[in-house]
1. Would you confirm whether any residue within the range 135-149 is over 13 Å from Gly215 (Cβ atoms), within 17 Å of the chain's Cα centre (by Cα), at pLDDT 95 or above and assigned to a strand (DSSP E or B)?
2. Among the candidates Val173, Val209, which residue alone is under 21 Å from Arg114 (Cβ atoms), crowded, with 17+ Cβ neighbours inside 10 Å, free of Cβ contacts under 8 Å to residues at least 60 places away in the same chain and of a type in the set (A, V, I, L, M, F, W, C)?
3. Give me the pairs, please: first residue somewhere in the range 247-275 and more than 17 Å from Trp31 (Cβ to Cβ), second residue anywhere and at pLDDT 95 or above and among the charged types (D, E, K, R), beta-carbon distance under 6 Å, and either six or more positions apart or on two chains.
4. When the residues of the range 123-144 are narrowed to those that are β-branched (Val, Ile, Thr) and surrounded by fewer than 21 Cβ atoms within 10 Å (Cβ to Cβ), which ends up nearest to Asp313 (Cα to Cα)?
5. Within the range 255-314, which residues are assigned to a loop (DSSP other than H, G, I, E, B) and in contact with a Pro (Cβ under 6 Å, 6 or more places away or on another chain)?
6. Among the residues of the range 92-108, write down those that are over 18 Å from Tyr67 (Cα atoms) and either in contact with a His (Cβ under 8 Å, 6 or more places away or on another chain) or without any contact (Cβ under 8 Å) to a residue 24 or more places away in the chain (or both).
7. Within the range 84-122, can you find the residues that are outside any strand (DSSP E or B), among the polar types (S, T, N, Q) and surrounded by 22 or more Cβ atoms within 10 Å (Cβ to Cβ)?
8. Looking for whichever is within 23 Å of Ile235 (Cα to Cα) and among the hydrophobic types (A, V, I, L, M, F, W, C) here; the options are Val95, Val102, Val71. Which one fits?
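The values are calculated or read from the model by the stated rules, or taken from the named source; none is laboratory data. These numbers come from a predicted model, not from an experiment. In this analysis, Cβ positions are derived from the backbone assuming ideal geometry, glycine residues included, and neighbour counts consider all displayed protein chains.
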Amino acid sequence: MTRQIPGAAIGLEGLVDPSEPLEIVATGSIWSEGPLWIPARNCLRWSDIPNNRIREYDAATGEVTDYATDVEFTNGRTLDLDGSVVQCSHGRRRVERDRGGVVTSIVDEWNGVRLNSPNDVVIAPDGTIWFTDPAYGITEAREGHPGEREYGDHFVFRHNPTDGTTLPVVIDVEEPNGLAFSPDGSLFYVADSSSVRKPPGVGNSDIRVYDVHEGLRCKNGRLFAHIDEGFPDGIAVDMFGNVWSSSEIGVIVFAPDGAELGRILVPELTGNLCFGGVDGHSLFIAASTSIYRIATMTSDAWAGRPRKRSAPDR
């Protein structure tokens, strides 16, 4: 049984009807993260990181179950071209693939040293795998295992599964977190959450944007938006190019030019979000103990769009 919270959407004309309630569809987690709609299963999958488990919400029955336990503190996830789930493991310090419950490694090192703790991941238009690598899984006791930053920084990487190469594409973000591509793939957005658990005025609470050149590198990095309530964690881009960001107060939505369009107020600290549902127009919000849902008039920027696996890099 869902519970409803009326009047959650402020602004967002043409994106969210102000009469639409915010619904609680699942609860009982400690810190909900990495939501992903899986059409083949008609379900939402997400991580409860401190409880070291992956959960699922069945949209048809409303049932919430544990998909897997003892999962080594998985976080962000996305669908690959073949429908398998690509996910980030804090505990194994790697990006991995879940194909029907069989989990295998995709990448766990760069330049001969271990990754920090991959946090969020997206599939680029050419099928390469882009992921952030902050250190939360080796510095936060409830999110992984103690460890060392073996390359001494926090990068965004691009992994080409065709030839196995892994290269940094963004190196100027202090603590990269959520990430997303624009609808045409020409822009790449990265959340910088380096202000988390720091005194006021220390670290960043920004979303940066980059021009993508030839699908291989990012240039012209610049500030896209500042989050003035908490920090950005997970982000999503819709079919119109609007950027939807998690924050302390819920979801803040920005137009493609960075202007704020409105907010969705959520009664818990929000960590991540994704579009999904049978019609693709539901926004699912992972916020601390619960999963929330609200109907929108938009959908994910890449919903149903064809992509192809890239050739070996040259």
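1. No, every residue in the range 135-149 fails to be over 13 Å from Gly215 (Cβ atoms), within 17 Å of the chain's Cα centre (by Cα), at pLDDT 95 or above and assigned to a strand (DSSP E or B).
2. Details: Val209 fails: under 21 Å from Arg114 (Cβ atoms).
Selected residue: Val173, the only one of Val173, Val209 that is under 21 Å from Arg114 (Cβ atoms), crowded, with 17+ Cβ neighbours inside 10 Å, free of Cβ contacts under 8 Å to residues at least 60 places away in the same chain and of a type in the set (A, V, I, L, M, F, W, C).
3. Ile252/Arg263; Phe254/Glu260; Phe275/Asp300
4. Of all residues in the range 123-144, those β-branched (Val, Ile, Thr) come to 123, 128-129, 132, 138-139.
Then drop every residue that is not surrounded by fewer than 21 Cβ atoms within 10 Å (Cβ to Cβ), which leaves 123, 139.
Values: Ile123: 16, Thr139: 34 Å.
Across the range 123-144, the extreme among qualifying residues is Ile123.
5. Taking the range 255-314 first, the residues assigned to a loop (DSSP other than H, G, I, E, B) are 255-259, 266-269, 277-281, 288-289, 296-299, 301-314.
Ala301, Arg307 - these are the residues of the range 255-314 that are assigned to a loop (DSSP other than H, G, I, E, B) and in contact with a Pro (Cβ under 6 Å, 6 or more places away or on another chain).
6. First, the residues of the range 92-108 that are over 18 Å from Tyr67 (Cα atoms): 92-95, 105-108.
Those that are over 18 Å from Tyr67 (Cα atoms) and either in contact with a His (Cβ under 8 Å, 6 or more places away or on another chain) or without any contact (Cβ under 8 Å) to a residue 24 or more places away in the chain (or both): Arg92, Val95, Ser105, Ile106, Val107, Asp108.
7. Quick first cut of the range 84-122, residues outside any strand (DSSP E or B) only: 84, 90-93, 100-101, 108, 111-112, 115-120.
Applying the additional criterion that residues be among the polar types (S, T, N, Q) yields 84, 111, 116-117, 119.
Once the filter is applied, which keeps residues that are outside any strand (DSSP E or B), among the polar types (S, T, N, Q) and surrounded by 22 or more Cβ atoms within 10 Å (Cβ to Cβ), the range 84-122 yields Asn116, Ser117, Asn119.
8. On the way: Val102 fails: within 23 Å of Ile235 (Cα to Cα); Val71 fails: within 23 Å of Ile235 (Cα to Cα).
Within the list Val95, Val102, Val71, the selection yields Val95.
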